[in-house]
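The values are calculated or read from the model by the stated rules, or taken from the named source; none is laboratory data. Worth saying up front: this structure is predicted, and the values here are computed from it rather than measured. Every residue, glycine as well, gets a Cβ built from its backbone with ideal geometry; the counts of neighbours run over all protein chains shown. Remember, those area values only see protein heavy atoms, side chains included, never the ligands or the DNA or RNA. Shrake-Rupley method; radii C 1.70, N 1.55, O 1.52, S 1.80 Å.
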Amino acid sequence: MDAPSKIGDRSTSDVVVRLRTLEGRDEWIYCHSDILVEKSKYFADRLSDNWPTCQILDSRNCVEVYCQELDFDHHVNVLRLFYVVIDGSVDDLWNGVKNALGILQVGIQLGCPQIVTACVNYLEAVPWEESEEEEILRIIPGMGSEVEPILARLQPVNLSAIRGIFISTLRFAMSSPPSLMNDLKSSAQEQLEYMITEDDDSPLLIADDDIKSEVKDCVGRLFSRFNNLLEVYLCEPAESVDEAGKMTLFQSYLADFSWACQLLSKLEIMRVFVNSWVDASDKIVAIMQSSPTVEMIGIKLKVVEVVAKVLESIGYGTVILPTTKRLHMVKIWLPFVRITKPLIDSVMTSDDDSLEFKIDGELWQSLESTFVSILLALPSVNQAEILTEWLENEYICYPDLTEAFEVWCYRSKVANRRLALIEGGHCAL
């Protein structure tokens, strides 16, 4: 049996492939016509009797191939691969994604179906780095249907699949898994927001009534578990509230609520959350007041963050509540915030390492503005009651209700004249 041919074997070669670049690079590669004809349509055409001219170099047929300098090594690799059995039994022929892309381009140019198929199978299966993915997106789309399998992982997904993964992610993001899964849960929450956010691209999912209904159900289940925890707290001695496990669970719920507010705001369905929070407010404040420990201050801070989002929805008309509920929210949360801010400030002042208690100054300012907005929308007699209590309170500095006080004074002073003009206008009519 004859020994297999080897690339570069001058003693058995009958053809020279002359690789040349515009920069002047010129390399002779001694090959074998039977292998070139079998593996490449381009070489089969060049070495056929139908080709009009035939160059002779070193007493052999010569085929000149011009290429870019960047592609020179890829052309050499393709010629070497002609002499390798590519049957899927060896996977390390390509030396990475970038090299495989270069070989694939040359393989298509030279009409090498076996190499093209092997490259496609490799690129379709291996992981890509971000820069490699960008390169694939730049090169592959214009190369024809034979390379389309490479892009399978990047193709748009049908709506049914998107809805399925959104709902599954939503249920997990609003569940209460073991603490070891907190990072996974946080990732799920981030991706849910990303799916419905419009940035440089359109949202992955436009929430319809069915999606919104599922979100509301998940929020309802989350609040149901939270309310059960509140009942446990209220039925047990005060010192048991400080137990680490219960505090961690309580804090976890608050973190979920803070995130849920962002999601619900984007979906424009904050009402379901606001109503549930209003109903639970008395219990939450009662539990917060029962334990003044430093550990509980951290939880109070989380409560303030959620309260700010709830009150903002109420104060600026995103969620419409009757007067009694709006008044109740002011009466229960105004004293809580008034007392909690100095506690948090004192911890931050006395402990330089108290990063967990740091809060954005804009949140306090926003919360103050929200209280003013809600207060000014209440009946004037209720405003007077709240402002009187504020003026007599030792924590008058925060929240500063001066703006509401000034508006109340003006409205009260001109009320009779205003209403008389209105009544006079009606009589004239």
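Here's how it looks for residue 65: its modeled amide H is under 5 Å from those of 18, 19, 20, which are all 5 or more places away or on a different chain.
Computed from label points 7 Å out along Cα-Cβ, the spacing between residue 320 and residue 44 is 7.6 nm. Before I look further, what does the chain give for accessible area per residue, probe 1.4 Å, in whole square angstrom? Heavy-atom accessible area per residue stands at 55 Å².
Residue separation of residue 56 and residue 26 scaled by 0.36 nm, minus their Cα-Cα distance, works out to 9.2 nm of gained length. The mean sequence distance of close C-alpha pairs (under 8 Å, at least 6 residues apart), as a share of the length of the chain, puts its relative contact order at 8 percent.
Find how much the distance from residue 283 to residue 406 grows on full extension, using 0.36 nm per residue of separation minus their present alpha carbon separation; answer in nm with one decimal. The partial results should precede the final answer.
Working: separation 123, 0.36 × 123 = 44.28 nm, distance 3.33 nm.
Residue separation times 0.36 nm, minus the Cα-Cα distance, leaves 40.9 nm.
Remark on region 132-222: hydrodynamic radius 15.6 angstrom, per the Kirkwood mean of 1/r across alpha carbon pairs. Every Cα-Cα pair in region 24-88 was counted, and those over 20 Å apart are 32% of them.
Report D for region 15-153 in µm² per second (integer): Stokes-Einstein, Kirkwood Rh on Cα pairs, 10 °C, 1.306 mPa s. Don't skip to the answer; put the middle values down first.
Values: Rh = 15.9 Å.
D, rounded to a whole number, is 100 µm²/s.
Would you kindly give the portion of the calculated P(r) for region 207-427 that falls above 30 Å, as a percent of all Cα pairs? Above the 30 Å cut-off, region 207-427 has 31 percent of its Cα pairs. Across all Cα atoms of the chain, the radius of gyration (one decimal) and Dmax (whole number) stand at 36.6, 120 Å. When the solvent-accessible area of region 261-317 is split by element, carbon and sulfur atoms take up 48 percent of it, the probe being 1.4 Å. Taking the DSSP beta bridges with both ends in the chain, the antiparallel portion is around 60 percent.
In this structure residue 252 has an accessible area near 40 Å², from a 1.4 Å probe over the protein heavy atoms.
When the alpha-carbon atoms of region 189-239 are used, the pair Rg, Dmax equals 17.2, 53 angstrom.
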